[in-house]
Amino acid sequence: MIQNLVGDSWRAPSSSDSLPVYDPARGVEIDRVLLSTPDDVDAAVAAAVAAYPGWSTTPVMERTRLMFRFKALLEEHVEDLAAEITLHHGKTLDEARGEVRRGIEVVDFACGAPTLLQGRTLRGVNREVDQDLYRFPVGVVAGIPPFNFPAMIPLWMFPLAVVCGNTFVMKPSERTPLSVIRLARLFLEAGFPPGVLNVVHGASTAAAALVAHRDVRAISFVGSEPVARAVYREAAAHGKRVQALGGAKNHIVVMPDADPDVAIPAILGSAFGNAGERCLAGSVVVPVGEAKSLTARLAAEAAAMPVGPGNRPETKVGPLIRDEHRGRVVEYIDRAVREGGRIVADGRAMLKQPGFFLGPTVIDGVAPGMAVGREEIFGPVLSVSSAQTLDAAIETANRMALGNMAVIFTTSGRSAREFRERIEAGMVGINVPVAQPFAFFPFSGWKGSFYGDLHVHGTDGVEFYTRKKVVVTHW
Ligand code: NAD
């Protein structure tokens, strides 16, 4: 049974309302998650509040030592974490292993706490006056991650928060709740005291209770744009600090000088890896100049990508998370046809298979005003929207309300620089199809892809999870 972690006790949420957890590759229910009530949230927050005085005054070296142990345990458990991600999310085992590795990088970064948490001193700021800046934790922090990276995104949040001296309440995605349980068990095994990390399962009611809770001081949220916007607004109204990462509509520009043998496999991996359920998925490819041969190759190679269960070694595209979500993605494809798009690779043939599969789909002749040209789809659908010049391509991408990532394939330094300077996205790939920053840098969406000031991980994360105190001294 899926249980909450409150202090040192694993217990069932008090509600009898529940949702199914699926194996999306078979389309069968494998578990159920009970939806925590505001009272369950209160209990978890109370445990975090109770742990805070002891944890926030635990020496940094001791907190760091525990983080090193947690890192070692994660390294030992990469395979079982990955297998569980594949089981209840559906992505391929290789993608799941990659996800765990990228999550562990944040723990590596958090192990640098003795350096990261240092303050500053200015001796003699005035006659016989010195000034010192110290970093303090913020208090109880809550994390609300999305379904698509069940281990990595929670790892963006709690390791850095707790090494900074905060205590934490995590509400995992109700669609992929299993990975956080495994992470929390390893966290306790590493020796962290009870109450430093608490887990409440549930959906919007539990999340909203955390966002409004008077004892929660900061919110780390990752999810869709409308929810990110609402969480930002609500958390700010309650006087909390908040970082809310939203959705994406990522464009990939391909210049005429790009090497197609480099660009094409990279674009396919970006668009169809993780079945397109990635905030760094390429969604629209913008060939500059002649587009026919690129589109034809993309279509042929997309149609040939092996679709199947994530635990089969040959699989490149796993299932979608839920049947209803797949239905929404198919509706986007149908609507694209009504709006004048031309399907050149059609993944809808996969709909007859058991499991929530949809094959890679490529739509040519997409204009930025069409639904598939402007809205996040979050499925294995790639639109082609050609442009005559780099200027026009940049303009197409910059019309989007979301600005998570943008990519250019080119062999021209001049085009690459022009793109880097003018593109309105927080993460830019130059011949890199999934421009995910390493944990030492911030994950940095722009426009509707991010609400807040300080991004997740990197030194932004340290800033977010600490508050500063400045002491002016005269003896
Ligand atoms: P979602 O917005 O449906 O849910 C995200 C989380 O919010 C879940 O834990 C959910 O329970 C919770 N939630 C739902 N309603 C809420 C409410 N009213 N108040 C507070 N919390 C609420 O997103 P999803 O479908 O799980 O994830 C996919 C989305 O996440 C996509 O839009 C994707 O682009 C985005 N995403 C963004 C990033 C990024 O870094 N920008 C990373 C991964 C995913």
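The values are calculated or read from the model by the stated rules, or taken from the named source; none is laboratory data. Just so we're clear, the structure is a prediction, and the values are computed from it rather than from any experiment. Note that we place each Cβ from the backbone using ideal geometry, even for glycine, and neighbour counts take in every protein chain shown. We work out accessible area using only protein heavy atoms, side chains counted, and drop any ligands, DNA or RNA first. Shrake-Rupley method; radii C 1.70, N 1.55, O 1.52, S 1.80 Å.
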Original post:
What is the Cα radius of gyration of segment 74-153 over 2.2 N^0.38 Å, N being its residue count?
Top reply: 1.72
**OP:** For helix 60-76, report the angle its Cα long axis makes with the longest principal axis of the Cα atoms of the chain; keep it between 0 and 90° and round to the nearest 10°.
**Re:** 40 degrees
Original post:
Relative contact order for the chain: what is it in percent, counting Cα pairs under 8 Å that are at least 6 residues apart?
Top reply: 18 percent
Subject >> Most to least packed among 119-129, 231-241 [average Cβ atoms within 10 Å] >> reply: 231-241, 119-129
Original post:
Using the per-residue mean of other Cβ atoms lying within 10 Å as a proxy for protection, in what order, highest first, do the peptides 308-314, 36-42, 155-161, 354-360 fall?
Top reply: 155-161, 354-360, 36-42, 308-314
Original post:
If ligands, DNA and RNA are left out, what is the accessible area of E95 with a 1.4 Å probe, given in Å² to the nearest 10?
Top reply: 40 Å²
Original post:
For the modelled label position 7 Å from the Cα of D108 along Cα-to-Cβ, which residues of segment 160-192 have backbone nitrogen atoms closer than 16 Å?
Top reply: 160
Subject >> Tensor-based shape of segment 250-430 (alpha-carbon gyration tensor, a/c under 1.5 rounded, otherwise prolate or oblate) >> reply: prolate
Original post:
Under the rule of -39500 (n - 2.57) per DSSP H run of 4 or more residues, summed and divided by the residues of the chain, what mean residue ellipticity at 222 nm is obtained, to the nearest 500 deg cm²/dmol?
Top reply: -12000 deg cm²/dmol
Original post:
Which one of A393, N311, Y134 has its Cα pushed farthest toward the positive end of the charge dipole of the chain, where Lys and Arg give +1 and Asp and Glu give -1 at the Cβ?
Top reply: Y134
Original post:
Using mean Cβ contacts within 10 Å as the protection proxy, how do 215-227, 363-375, 292-304 order, highest first?
Top reply: 215-227, 363-375, 292-304
Original post:
With axes computed from alpha carbons, what is the tilt in degrees of helix 38-56 against the longest principal axis of the chain, rounded to the nearest 10 within 0 to 90?
Top reply: 60 degrees
Original post:
With charges set only on the Cβ (+1 for Lys and Arg, -1 for Asp and Glu), what does the dipole of the chain come to about its Cα centre, in debye to the nearest 20?
Top reply: 740 debye
Subject >> Nearest 10 degrees, 0 to 90: helix 78-89 Cα axis against the chain principal axis >> reply: 60 degrees
Original post:
How long are the three semi-axes of the equivalent ellipsoid of the chain, in whole Å, if each is the root of 5 times an eigenvalue of the C-alpha gyration tensor, listed from largest down?
Top reply: 39, 28, 19
